[in-house]
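Reading through the structure tokens given below for one structure.
The values are calculated or read from the model by the stated rules, or taken from the named source; none is laboratory data. What you are looking at is a predicted structure, and each value in this text was computed from that prediction instead of being measured. Note that each Cβ is placed from the backbone with ideal geometry, even for glycine, and that neighbours are counted across all protein chains shown. Just the protein is used for accessible areas: all its heavy atoms, side chains included, with ligands, DNA and RNA removed. Shrake-Rupley method; radii C 1.70, N 1.55, O 1.52, S 1.80 Å.
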Amino acid sequence: MACDEILKAVFPLLEGEDLATCMLVCKQWQEIARDDYFWKCLCAKRWPSVCKRPSPPTVTYHKLFKTFYKRQDKRPLLPPRLSFEDLEFYIDIWSKQSLIFSDVVPGLVLQKGSWIPPPGISDVLRSHLEGPEYKMTLPVEPRFNIPSDQTVSVSVLVGRKDSNKVACIINKSVFDYIDWSAYRAHAFDYLDISPAHPFVSGIRAWISLLFMDHDNDGIIDVFGIEVDFCDAASSEKQVLWLLDMLDWK
């Protein structure tokens with residue numbers, strides 16, 4: 001049997017990666033392995049329906065298989081159109097009806113979180129703050145104490161200095177979960193996404209009070225604030241892209 005006939009008998013038995021490797025052996029193998037019949041057989045195993053039409057849905061079955069036979073690597077995220085330099089955050093915290101924290105935080109300050117937490121914080125919380133996950137933090141100055149059974153709520157707006165527009169991140173949400181083992185109290189709200197992105201929804205903004213042990217049981221000694229969007233954004237670029245999609249007014 002001629003070499004060509006042997007190859008034509010063997011190639012249909014190969015998997016796609018092996019057939020592609022054969023195309024690199026020599027010009028003869030390449031010309032035979034390029035026959036779209038072999039690639040149609042491979043496509044028929046993965047997507048039988050595409051072979052029910054007289055011609056492939058792409059230029060060739062080879063192109064179809066090469067494009068979709070495995071999950072594509074994640075494409076790099078384009079540079080965001082926003083920067084933290086353009087932003088400022090308006091954070092207000094109430095205990096019952098009394099305002100206990102109110103500040104305008106420049107985006108660069110919240111972005112870096114380069115302040116040093118006070119001594120005496122728990123090892124669990126220190127490990128969290130020093131971990132690789134992207135988070136935005138800032139110190140609470142002056143620090144405040146609140147009873148753990150007292151209702152504490154928070155609102156967060158973000159302003160764009162480049163367009164003089166404002167968006168809501170958290171609208172009077174309650175810190176209704178206190179994680180005593182991690183020394184964090186959590187509140188969240190769902191983001192208002194611009195109508196320009198109608199299929200994006202259900203993304204939460206989280207804000208946490210960072211606290212430490214207090215001499216009196218049931219008292220939260222707050223020294224810092226953490227903001228994150230861990231449902232959808234885990235890097236600085238992703239956070240900026242997410243903020244750009246808000247419903248800016």
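Structure notes:
- Test: residue in the range 42-65 that is outside any loop (DSSP other than H, G, I, E, B), under 30 Å from residue 140 (Cα atoms), open to solvent by less than 100 Å² (accessible area, probe 1.4 Å) and out of contact with any Leu (no Cβ under 7 Å at 6 or more places or on another chain): no
- Looking only at the range 1-28, residues that are more than 45 Å from the chain's Cα centre (by Cα) and either modelled with pLDDT of 90 or more or in a helix (DSSP H, G or I) (or both) come to 10 in all.
- Considering the conditions (1) modelled with pLDDT of 95 or more; (2) under 23 Å from the mean Cα position of the chain (by Cα), residue 101 is excluded by exactly one of them, (2).
- Set 11, 38, 101: member being touching a residue at least 12 places away in the same chain (Cβ under 8 Å), under 30 Å from residue 189 (Cα atoms) and open to solvent by less than 60 Å² (accessible area, probe 1.4 Å): 101
- Screening the range 136-194 for residues that are of a type in the set (Lys, Arg) and within 24 Å of residue 84 (Cα to Cα) and picking the one that is least open to solvent (accessible area, probe 1.4 Å) gives 160.
- Residue satisfying all of: in the range 114-125; open to solvent by 80 Å² or more (accessible area, probe 1.4 Å) and either of a type in the set (Gly, Ala, Ser) or outside any loop (DSSP other than H, G, I, E, B) (or both); farthest from residue 157 (Cα to Cα) among these: 123
- The strands (runs of 3 or more DSSP E) found wholly in the range 159-237 and carrying at least 1 residues that are among the hydroxyl-bearing types (Ser, Thr, Tyr), without any contact (Cβ under 8 Å) to a residue 60 or more places away in the chain and over 19 Å from residue 148 (Cα atoms) occupy 184-190.
- From the options 111, 150, residue that is among the polar types (S, T, N, Q), in contact (Cβ under 8 Å) with a residue 12 or more places away in the chain and part of a helix (DSSP H, G or I): 111
- Screening the range 66-98 for residues that are within 18 Å of the chain's Cα centre (by Cα) and open to solvent by less than 100 Å² (accessible area, probe 1.4 Å) and picking the one that is farthest from residue 159 (Cα to Cα) gives 77.
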